[in-house]
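Report on the structure given below.
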């Protein structure tokens, strides 16, 4: 996948995280757990894509 496509995906995920965070602020109590789960998933996906963009996917981690 090209860097441009990865960056576009990262931008899309950041907007999704922002939308979910804003939604969580105004959500009724009965919907909060569902939104929190979606937010956790979106943040996890964003972190993965960020790692891919930074070139960390498939590389051994260094402890220095």
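The values are calculated or read from the model by the stated rules, or taken from the named source; none is laboratory data. Keep in mind that what you see is a predicted model, and the values were worked out from it rather than measured. Here the Cβ is made from the backbone with ideal geometry for all residues, glycine too, and neighbour counts use every protein chain on show.
Listed by first and then second residue, the pairs with beta-carbon distance under 9 Å, at least 6 apart or on different chains, first residue in the stretch 48-64 and on the phi < 0 side of the Ramachandran plot and part of a loop (DSSP other than H, G, I, E, B), second modelled with pLDDT of 85 or more and surrounded by 10 or more Cβ atoms within 10 Å (Cβ to Cβ), are 56/50; 57/48; 57/51.
Would you check which residues across the stretch 2-12 are touching a residue at least 12 places away in the same chain (Cβ under 8 Å) and over 13 Å from residue 42 (Cβ atoms) and list them?
Passing the criteria: 3, 6, 7.
Among residues of the stretch 13-35 that are under 28 Å from residue 51 (Cα atoms), none has a beta-carbon under 6 Å from a residue that is loosely packed, with under 14 Cβ neighbours inside 10 Å at least six positions away or on a different chain. Just a yes or no: is a residue in the stretch 16-23 exposed (fewer than 15 other Cβ atoms within 10 Å of the Cβ), at pLDDT 95 or above and not in a helix (DSSP H, G or I)? No - not one qualifying residue is present in the stretch 16-23.
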